[in-house]
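Below is one structure; the comments refer to it alone.
The values are calculated or read from the model by the stated rules, or taken from the named source; none is laboratory data. What you see is a predicted model; the values in this text were computed from it and never measured. So basically every Cβ, Gly included, is an ideal-geometry build from the backbone, and we count neighbours across all protein chains shown. Note: areas computed on protein heavy atoms with side chains; ligands, DNA, RNA excluded. Shrake-Rupley method; radii C 1.70, N 1.55, O 1.52, S 1.80 Å.
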Amino acid sequence: MTNLFPNIDWADLVVATGETLYMTLAALLGTLILGVILGLLIYLSQPGGLWENKWVHLVTAAFVNIFRAVPFIILIFLILPITIFLFGTFRGPTAALPALILGSAPFYGRLVEIALKEVDGGVIEAAKAMGAKTRTIIFKVLLRESLPALVSGLTVTAIALIGYTAVAGAIGAGGLGDYAYYYGFTRRDMDIVYICTILIVVIVFIFQAIGDAVTRKIDKR
Amino acid sequence: MIVIDQLSKIFKTASSELVAVDQLSLSIEKGEIFGVIGYSGAGKSTFIRLINRLEEPTSGRVEIEGELITGLSKNALRVKRQNIGMIFQHFNLLWSRTVSENIAFPLEIAGVSKEEIEKRVQELVDLVGLSGKETSYPSQLSGGQKQRVGIARALANRPKVLLCDEATSALDPETTDSILALLVDINKQLGLTIILITHEMHVIQKICHNVAVMEAGRIVEQGSVLDVFSHPKKNVTKKFVEQVMGKPDDEVAEDSFIATVAEGHVLKLQFIKENTNQALISEVAKKFKVDVNILQGNIKRTQEGAYGSLYVQMVGEEVTVQEAIQYIEQTSVEVEVITHD
Ligand SMILES: Nc1ncnc2c1ncn2[C@@H]1O[C@H](COP(=O)(O)OP(=O)(O)OP(=O)(O)O)[C@@H](O)[C@H]1O
Ligand SMILES: [Mg+2]
């Protein structure tokens with residue numbers, strides 16, 4: 001191993017992998033919460049929706065569209081003041097979280113909206129005819145019936161997030177991207193770049209496999 | 001009793017207005033199966049959805065057992081709906097839930113306790129004949145089984161009224177019959193008032209007591225199923241009756257009997273509300289010294305008895321035949337002598 005990858009500090013690599021996983025999972029949790037809220041708001045406030053509201057619809061849809069339009073690397077710079085205000089620094093995995101969440105939640109929010117739109121209108125109507133409260137319809141019908149799509153959407157988002165963590169690495173967020181860039185690329189130690197690539201691909205595959213397995217298990221259609 | 005008074009629904013689009021239900025008035029007795037039939041676009045679905053206000057009426061009143069549905073607040077309406085069952089053409093089951101869990105859903109909504117739900121779900125599963133399927137998912141069921149789940153779910157909170165929008169239109173004829181039989185069964189067992197929407201006259205014929213024919217948002221004809229079948233007035237109604245009884249080609253048929261029947265009399269027996277037609281023919285043959293041959297017949301069973309006509313050839317002594325005809329006339333069957341030799 002040492003011959004194949006002469007420049008690698010294995011302890012550093014473990015730390016970098018841990019940071020990537022931490023950033024991905026923590027940002028994924030934030031993305032899940034924010035994305036579901038955004039998706040629900042857009043869906044519920046749409047014309048003819050359960051909470052039809054032109055202004056809420058306009059504002060949430062605009063928020064999602066704007067943040068999806070801004071390239072991630074620019075988004076990092078844009079919210080730098082907020083990050084520094086919150087954490088006192090913009091370096092390190094935790095400081096990268098706001099940018100990661102803001103970068104991926106609007107994307108996931110759209111996927112949530114699409115998943116909710118796929119829920120059969122007849123089923124919602126049946127719930128209304130049974131006298132269900134809107135809250136019951138949201139939690140027991142909308143979110144429950146669209147769960148497989150929500151999970152597969154989350155899988156896609158998680159993989160995009162892993163990519164974002166590597167981009168965030170370029171400005172010192174830590175993780176495998178950071179390691180590959182500063183220790184590998186800038187020193188022309190290409191073996192470090194290769195091993196980081198392999199690890200990222202492996203992480204992506206693992207996320208995909210878990211996502212697929214969970215989706216398959218809960219999809220009763 | 002359900003009273004519908006001057007009920008209207010106007011859909012407004014950007015450029016035009018569409019009157020889907022037009023000042024419709026109707027009253028439906030407690031415990032009856034009331035059918036509404038009409039062609040596509042007549043406004044049937046809109047009408048039935050107005051009853052539980054899935055569609056808000058533009059004007060008019062809906063009253064169920066003295067309670068003014070159209071006067072209820074949003075919240076009171078929501079609670080009231082827990083006691084109005086509804087079943088749908090496409091079943092509208094939650095596919096993420098098992099049969100039991102689907103049936104439990106309205107009970108959860110009504111805040112019934114866990115133990116109570118478990119007991120009630122089992123009762124309902126048995127009632128609709130789905131024992132053994134409790135843990136199946138809707139995707140593992142046939143259309144007929146799905147509709148049984150839909151019916152069980154609609155009955156969960158012991159409603160007094162059941163609304164059915166094209167409940168059998170997605171099913172094959174045999175499955176349709178079994179679902180209709182189930183509806184008649186629960187109507188009798190539970191004394192449930194059933195309002196049923198359909199575009200198929202045989203559904204009306206088989207299970208309804210009264211029927212209203214709908215066209216362009218209005219009711220154009222209404223009455224007991226037998227009355228409407230035996231004396232359809234409007235053209236739409238006649239067409240619907242033809243769906244079941246066939247075209248009235250009687251004139252042609254009568255001519256051909258006259259040509260082919262060599263001896264005896266040809267009689268046309270008209271059955272309305274008759275419950276004993278099968279016994280009648282054999283009874284006559286036994287009681288009187290006559291031969292009775294059935295030439296042609298078209299008799300449909302309705303909830304109030306049989307309806308239709310039967311052509312028979314009767315051969316025997318003139319006196320005996322006259323006696324037999326008198327005997328038949330004492331029942332509710334009308335006799336028309338078409339030819340005699
Ligand atoms: N939400 C709506 N907005 C606008 N027009 C509507 C709406 N719902 C129904 N309509 C119109 O109202 C009329 C009656 O529709 P409805 O669905 O009640 O007919 P139907 O008798 O149930 O027909 P079908 O047998 O095809 O189900 C139709 O012309 C339809 O286009
Ligand atoms: Mg319809």
Subject >> the range A:88-127, residues that are touching a helix residue (DSSP H, G or I) at 6+ places or on another chain (Cβ under 7 Å), open to solvent by 30 Å² or more (accessible area, probe 1.4 Å) and within 12 Å of another protein chain (Cβ to nearest Cβ) >> reply: A:118
**OP:** Could you tell me which numbered condition residue B:187 fails, if it satisfies all but one of (1) within 16 Å of ligand 2 (Cβ to nearest atom); (2) under 11 Å from residue B:33 (Cα atoms)?
**Re:** (1)
Subject >> Residues of the range B:10-55 that turn out to be over 30 Å from residue B:191 (Cβ atoms), part of a strand (DSSP E or B), of a type outside the set (Val, Ile, Thr) and within 14 Å of ligand 1 (Cβ to nearest atom), as a count >> reply: 6
Original post:
Would you call residue B:146 closer than 30 Å to residue B:46 by Cβ, touching an Asp or Glu at 6+ places or on another chain (Cβ under 8 Å) and either more than 10 Å from chain A (Cβ to nearest Cβ) or open to solvent by 40 Å² or more (accessible area, probe 1.4 Å) (or both)?
Top reply: no
Subject >> Among the residues listed as B:190, B:127, B:171, B:163, the single one being under 21 Å from residue B:110 (Cβ atoms) and within 16 Å of ligand 1 (Cβ to nearest atom) >> reply: B:163
Original post:
Which pairs do you get when a residue that is hydrophobic (A, V, I, L, M, F, W, C), found in the range B:110-131, comes within reach of a residue that is in a loop (DSSP other than H, G, I, E, B), reach meaning Cβ atoms under 7 angstrom, with the pair 6+ apart or on two chains?
Top reply: B:110/B:82; B:110/B:157; B:124/B:156; B:125/B:131; B:125/B:134
Subject >> Count of residues meeting criterion [within 14 Å of chain A (Cβ to nearest Cβ), open to solvent by less than 20 Å² (accessible area, probe 1.4 Å) and more than 12 Å from ligand 2 (Cβ to nearest atom)] in the range B:14-52 >> reply: 3
**OP:** Sort through B:197, B:207 and tell me the only one that's assigned by TED's automatic domain parsing to the domain that holds residue B:82 and more than 16 Å from ligand 2 (Cβ to nearest atom).
**Re:** B:207
**OP:** For the range B:215-237, name all the residues that are over 18 Å from the mean Cα position of the chain (by Cα), surrounded by fewer than 19 Cβ atoms within 10 Å (Cβ to Cβ) and assigned to a loop (DSSP other than H, G, I, E, B).
**Re:** B:216, B:233, B:234
Original post:
In this structure, does residue A:203 turn out to be farther than 23 Å from residue A:10 by Cβ and open to solvent by less than 60 Å² (accessible area, probe 1.4 Å)?
Top reply: no
Original post:
Can you tell me which residue in the range B:56-68 is surrounded by the most Cβ atoms within 10 Å (Cβ to Cβ), limited to those that are within 16 Å of ligand 1 (Cβ to nearest atom) and in a loop (DSSP other than H, G, I, E, B)?
Top reply: B:57
Original post:
Do we find a residue being within 12 Å of chain B (Cβ to nearest Cβ) and free of Cβ contacts under 8 Å to residues at least 40 places away in the same chain anywhere in the range A:177-186?
Top reply: no
Original post:
Take the residues of the range B:83-103 that are at the interface with chain A (Cβ under 7 Å from one of its Cβ atoms) and open to solvent by 30 Å² or more (accessible area, probe 1.4 Å): which is farthest from residue A:142 (Cα to Cα)?
Top reply: B:90
Original post:
Among the residues of the range B:245-297, which ones are more than 29 Å from residue B:206 (Cα to Cα), at pLDDT 80 or above and of a type in the set (A, V, I, L, M, F, W, C)?
Top reply: B:266, B:285, B:288, B:290
